[in-house]
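Visitor: To start, I am sharing the structure in question, which I have written as structure tokens.
The values are calculated or read from the model by the stated rules, or taken from the named source; none is laboratory data. Bear in mind that the values here come from a model prediction, so they are computed numbers and not experimental data. All Cβ positions, even for glycine, are placed from backbone atoms using ideal geometry, and neighbour counts span all protein chains on display.
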Amino acid sequence: MSIKYSAILPHGFNLIEEIYPNPNNEWKELIDSMKEVAESIYNANPQVILIASPHNLRIEGQIGLITSEWIEGTWWNDDKTKKAELKVRTDRETSKIIYQRAKELSLPIVAVNYGAAGGEYSTMKMDWGTLIPLWYVNKIYKRNNEVIPPIVLITPSREIPWENLVELGKMMNGVCVNKGITSVYIASCDHGHAHDPDGPYGFHPASKVFDDQIINWIKSSELEKILTLSPEFIDQAKPDSFWQMLILIGILEVAELKNKLCVYGCPEYYGMIVASFV
């Protein structure tokens with residue numbers, strides 16, 4: 001077995017209808033696409049969900065691998081009148097193997113637990129980059145009276161050589177093959193963050209150029225072309241997606257997955273893509 005399905009999923013706050021009801025048409029298209037991908041993940045019947053988020057632990061110069069037994073979090077709407085809560089178990093065995101294999105490959109990685117060594121008090125805070133994509137997946141499992149599979153949460157570093165993250169993706173697929181398990185990988189990503197002069201990052205034309213290039217490369221199954229981008233251009237475009245996609249291109253290369261779905265929206269100051277690879 002291997003990583004048989006992968007996705008790029010956004011984590012914009014308004015994607016959770018339960019706390020932000022009545023989305024406009026652009027948000028609704030993204031939400032409907034998230035539901036479609038969540039259904040596909042369920043149908044892939046994974047034994048573990050691998051997910052990389054840019055918003056959990058940010059360990060300078062190190063890939064973070066969360067090894068707590070649980071990851072749980074709460075996300076509120078703006079006026080704190082509605083909330084979304086999620087708690088998922090981790091696959092500690094698979095995380096341990098990934099960690100050991102990364103060390104053998106001399107990849108810069110740190111395994112991180114919190115609280116107790118195990119049990120209910122071994123729990124890491126769940127960030128919005130993890131909660132929002134998994135919210136949709138969990139809803140499908142709950143609808144079918146099943147429990148969402150355990151997860152492996154990776155927090156990629158922005159300071160390490162890009163090829164380290166590509167190698168991590170290849171290695172994670174190899175771990176799944178060697179264990180004989182079926183898995184899926186979710187790259188939690190929002191893209192250019194400088195689309196709006198009134199947004200927190202201001203305006204830069206590089207954000208639209210970046211998003212357009214990513215869309216084209218996804219659709220043509222040439223996502224590896226992100227390696228041709230310059231650090232200066234990425235800094236101007238202000239994505240939080242690049243590093244999770246580096247892991248993805250390693251997976252795509254060895255798992256031989258091709259693009260199936262690609263939906264784009266930019267209802268806020270940042271671009272969002274829902275994409276799947278099968």
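Visitor: Return the pair list, or none, for Cβ contacts closer than 6 Å from residues in the range 132-159 that are in contact (Cβ under 8 Å) with a residue 12 or more places away in the chain and closer than 21 Å to E93 by Cα to residues that are surrounded by fewer than 21 Cβ atoms within 10 Å (Cβ to Cβ) and basic (K, R), at least 6 apart or on different chains.
Guide: P150/R89
Visitor: Could you list all residues from the range 106-138 that are among the small types (G, A, S) and surrounded by fewer than 22 Cβ atoms within 10 Å (Cβ to Cβ)?
Guide: Within the range 106-138, S106, A111, G115, A116, A117, G118, G119, S122 qualify.
Visitor: Then there's this: Which of the strands (runs of 3 or more DSSP E) contained wholly in the range 92-190 include at least 2 residues that are touching a strand residue (DSSP E or B) at 6+ places or on another chain (Cβ under 6 Å), under 27 Å from D32 (Cα atoms) and not small (G, A, S)?
Guide: Qualifying strands (runs of 3 or more DSSP E): 151-155, 183-188.
Visitor: Here's another thing I want to ask about it. Is at least one residue of the range 222-242 crowded, with 16+ Cβ neighbours inside 10 Å, closer than 25 Å to V88 by Cβ, touching a residue at least 40 places away in the same chain (Cβ under 8 Å) and within 18 Å of the chain's Cα centre (by Cα)?
Guide: So far as the range 222-242 goes, yes, one or more of its residues are crowded, with 16+ Cβ neighbours inside 10 Å, closer than 25 Å to V88 by Cβ, touching a residue at least 40 places away in the same chain (Cβ under 8 Å) and within 18 Å of the chain's Cα centre (by Cα).
Visitor: Another question, if that's okay. Does any residue of the range 2-11 turn out to be surrounded by fewer than 24 Cβ atoms within 10 Å (Cβ to Cβ), at pLDDT 95 or above, over 14 Å from the mean Cα position of the chain (by Cα) and under 13 Å from S276 (Cβ atoms)?
Guide: Yes, because at least one residue in the range 2-11 is surrounded by fewer than 24 Cβ atoms within 10 Å (Cβ to Cβ), at pLDDT 95 or above, over 14 Å from the mean Cα position of the chain (by Cα) and under 13 Å from S276 (Cβ atoms).
Visitor: Select, from I49, I63, I3, the only residue that is closer than 15 Å to I247 by Cβ, touching a Cys at 6+ places or on another chain (Cβ under 9 Å) and hydrophobic (A, V, I, L, M, F, W, C).
Guide: On inspection, the qualifying residue turns out to be I3.
Visitor: Just checking, does the range 163-170 include any residue being in contact with a Ser or Thr (Cβ under 9 Å, 6 or more places away or on another chain), at pLDDT 95 or above and of a type in the set (S, T, N, Q)?
Guide: Yes, the range 163-170 contains at least one residue that is in contact with a Ser or Thr (Cβ under 9 Å, 6 or more places away or on another chain), at pLDDT 95 or above and of a type in the set (S, T, N, Q).
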